[in-house]
Each structure stands twice: as C-alpha cells, then as structure tokens.
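Taking it in order: structure first as structure tokens, then the write-up.
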Amino acid sequence: MPNIPHAPGAPVIGNLHAFTSDLRRFLTEQYLALGPVFRISVLNNRYVVLAGPEANEFVTWKGTDHFVAQEIWDGVTKAVGGENPSMIALDGPRHAIVRRGLKPGYAAGPLYSRMVELIGCQLDLLRKWPRARPLTVFPQVKRLVAMLLGYMATNESAEDVMDDFIYLLKAMLQIHVFKTRPSFMQHLPRYTRSRQAILDMARRIWLDHAHGDDMVPEDGNFVDVVRRFHKEHPDLMTERDAIAALNGPFIAGLDTAASTISFLLYHILADRDLTAAAIEEADAVFADGVPNRNSLRSMTRVRQAAMETLRLYPPATILSRNVSQGFRFAGFDIPAGTHCMLAHTVTHGLPELFKDPDCFDPERFGPERREHMQPNAFVPYGLGPHTCLGASTADLLFLIVTATLFHHYEVAMDPPGHKVRMKMQPLPSPDNRFRLILQSVRYPEPEWLLPAQPAVAP
C-alpha cells in the first residue's frame, strides 16, 4: 500500500502519543489533511485508517462483507475464560444469533422496575464519599458505574472484585486491542491475580443461578438471559463461554459509561445555567417518589448535554477490524489481512456537520437544529452490526447518576473554573486534576429507600 499517505509521527513510537491524549482530534486532523484513507503506526504496529462520512457509509452498508473482529478480540475472550469467540468477536450469521439472544440482557427497559435498588446502591456508595474534601472524579465514577453494572447484571454488588476488574479491563484493552502495552504484561503477578479473581467471581455467580428456572421471563437479569441462551444454543455458547459472557456488561460499559458521566459532570459544573437546569430536572425526577421512565425522560437539558458529551468525547473513538476480503475505497486498494482502524467518530468534529465543533453546545441536539440527524454524522455507539447493544442502558445510567447526585447533594468543581484535559486510559477520560466536592446534603434519602421499621407493640 505504498500510495496511502502516512500520518507524521515520532521515530520508533510512531503515533503513540495520540493514543494517550486526544485520539479523535488527532484522527480528525489527519482526515482533513490526508483524506479518508491514511496510515498510522503505534510502536511496531501499522494500521490503515478509514475516516469521515464516506467511510461511515461504506462500513454501514458493506462492512460485513469486508471486516472481521475475531482476531482483534480473541485475547480478551480468552482472558475472561472463554474458549470460543464471544459476541464482540463474532461476525456474520453467528454474531446475529448471539446478539439477538443476549439483547434482552443489555436492554434498559427491565431496569425501570428495579429503580429502587439502583438508586439505593448508588446512594450507598455516595454516602462513603468524603464531605467538603476534593475527590478525583473519574476513579470514583468508575467505581460507581462498576457497582451499578454489577447490580444490573447479577443483582449483587461487584465491590469485592471492583478494583480487580478496573485494572484488568484497562490492561486487556491496552495489550490485546490497542496494543499500546507489551504482551508480557499478561504474565505479571498483578494481571494474573486480578484475572483469577474475575474468573472465580463469574463461576460463583453462574453456580448460584444453577438451580433457578432456565426459562426465565424476558425481564430476567443478565445471568438468566445468558443461561437461557446457553441452554438453547450450546453449539454457539459452551458453559465456559457462558461464564465468560457474564463479564460482557463490564467490558462494554465500565470505562465507556464512567468516561461519559465524568465529562458530563464537568460540563454541568462548568456552566452555571446548566448546573441550575440539572438541579431543577433532578428535583423534578424525585418529586413524585421513585424515578420512572417518564420522569427521567423529562430531563431534557441533561439528556442533550449527555449527547453533546458523547459527541465531543465518544467512548469508542475507533473500531479496530481486520480485512477479510480486499476492497477498493476512495481510490485505494485495501488488501485482505490489513489491520484497519475505522475512525467513525471523526465526523463528530467536522464543521460541515456540526457548527463550531470544538464548542460544547447541547442545543445542537434540540428540535430546532437536530444536527445529529444528518446521515453518518453522530455515531457514538459505533455502526454496523456491532453497534453497542447497551446504548439504552448507558443513556439510562447517565440520567440516574446525574439525578441522584444533584438531587441529594450540593456539588461543586474544585478548583472553580478548572479546564478539563482528556487522557486516554485507554479510552477517553478526564485527567485526574478534575475534582469535585460534595459540600452538603440537599435532601435526605427518600423514605422508600429506608428499611421498614418493626411495629411497636402498644
């Protein structure tokens, strides 16, 4: 591929710096300078990047004919104990069957009936946050999301292995997907200890559900959905694969949701008007008791701010794929075996699609502008057959975390006026200098969360 332009980079490390700072901005700059096809390098790895609206359209309509994900994700699949390709690594008809079978477990709908428990476990953790003392936002939000995901997936907290999962997920992505860390890291004591803790947790949860009714209703928790699919399709998902699949919500949602929530909190706290709107909408959510679908969907300003956060800081900046069948795109021949990066979120920063693209402007998602509705423009959850199954659950997380935090606490940024900086860890996240303070309690925990008191004898 000698004719494909190459992005400038440093000797030896190539474009590694972009993978530790603002990858989307870097790829957008290269797209504007080099066009929709260009090459980048990271250490000893070489990639061909496809970017822009024309690439998004190509991947959407012809991606299944030319790209596969299995080799990219095989290392992650094996790290969590699977023996066959997981849903994220499958392609074609097999992927469609697994995706359809597991879809109920990733959907947000059933979670509304469990809102009391979700609000309760969030307040349990917020109660432990220090008062009137700055705390670094991203690590704390990541722990909060891990707890919520654990409860959503298994009806129990993942607190015992929370630190192990946070470490292991970061290491797996760096080693196996982005290849920004050497493979020998997976043999180091910290990695092997954390991996074993996750394997033990998944097997315990699987065995705890062994005596339940496999044919659970559609709103069963994620473990039930996986058990049902394993029973119906043992050829596609062995028991080892099913146990490994219990980690799916964490792999898909931990860093992605924590990153978006952290950036969302920054922009709410950085804008007085948006802070006031978030407080007003949060109070309205709790005004009539337990939050529900209608009250959460009424958080219009926060929802638009969350969408703008996804535009500026898309958690899945790129899609990493191998070429299974060669093709010609934008005048270049891309042969089979090429490792491609599909830079689908480059469109988020193009001025012809989004006015003043570097400006945080939630109103661009309002009914009068609807900039995100342009074809191939707004794709925070990926595109094609691997579009994120948990998008609706992520959207729900953004709202319940924001509503719970701003209703129950006075929250401020420390120091006031801080300018956030992005860091790839390995997905986009705020750097550790973004901190907040829980200044005081605005409203006590609602009565519907408190345990029932025993009757007092007359």
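Worth a mention:
- Near pairs, Cβ below 8 angstrom, 6+ apart or cross-chain, from region 232-247 (open to solvent by 40 Å² or more (accessible area, probe 1.4 Å)) to any residue that is in a loop (DSSP other than H, G, I, E, B): Arg240/Gly81; Arg240/Gly82; Arg240/Glu83
- Qualifying positions in region 237-283 - over 27 Å from Asp414 (Cβ atoms) and small (Gly, Ala, Ser): Ala242, Ala244, Ala245, Gly248, Ala252, Gly253
- Residue list for region 44-97, restricted to those being assigned to a helix (DSSP H, G or I), open to solvent by less than 30 Å² (accessible area, probe 1.4 Å), among the small types (Gly, Ala, Ser) and more than 19 Å from Phe378 (Cα to Cα): Gly75, Ala79, Ala89
- For region 404-447, the candidate set comprises residues that are of a type in the set (D, E, K, R), assigned to a strand (DSSP E or B) and modelled with pLDDT under 95; within that set, the residue that is farthest from Ala278 (Cα to Cα) is Lys423.
- Close contacts from region 362-375, counting a first residue that is part of a loop (DSSP other than H, G, I, E, B) and a second that is among the charged types (D, E, K, R), with Cβ to Cβ under 7 Å and a gap of 6+ residues or different chains, come to Arg369/Glu363.
- Test: Lys128 is open to solvent by 60 Å² or more (accessible area, probe 1.4 Å), among the basic types (Lys, Arg) and either assigned to a loop (DSSP other than H, G, I, E, B) or out of contact with any Cys (no Cβ under 7 Å at 6 or more places or on another chain) (or both): yes
- Test result for Ile251, out of contact with any helix residue (DSSP H, G or I) (no Cβ under 6 Å at 6 or more places or on another chain), under 16 Å from Thr77 (Cα atoms), of a type outside the set (Ser, Thr, Tyr) and crowded, with 20+ Cβ neighbours inside 10 Å: yes
- Residue within region 387-403 that is in contact with a Leu (Cβ under 8 Å, 6 or more places away or on another chain) and assigned to a loop (DSSP other than H, G, I, E, B) present: yes
The values are calculated or read from the model by the stated rules, or taken from the named source; none is laboratory data. Because the structure is predicted, anything quoted here is derived from the model rather than measured. Neighbour counts are summed over all protein chains in view; Cβ atoms, including those assigned to glycine, are modelled from backbone coordinates with ideal geometry. Please note that ligands, DNA and RNA were not included when accessible areas were found on the heavy atoms of the full protein model with its side chains. Shrake-Rupley method; radii C 1.70, N 1.55, O 1.52, S 1.80 Å.
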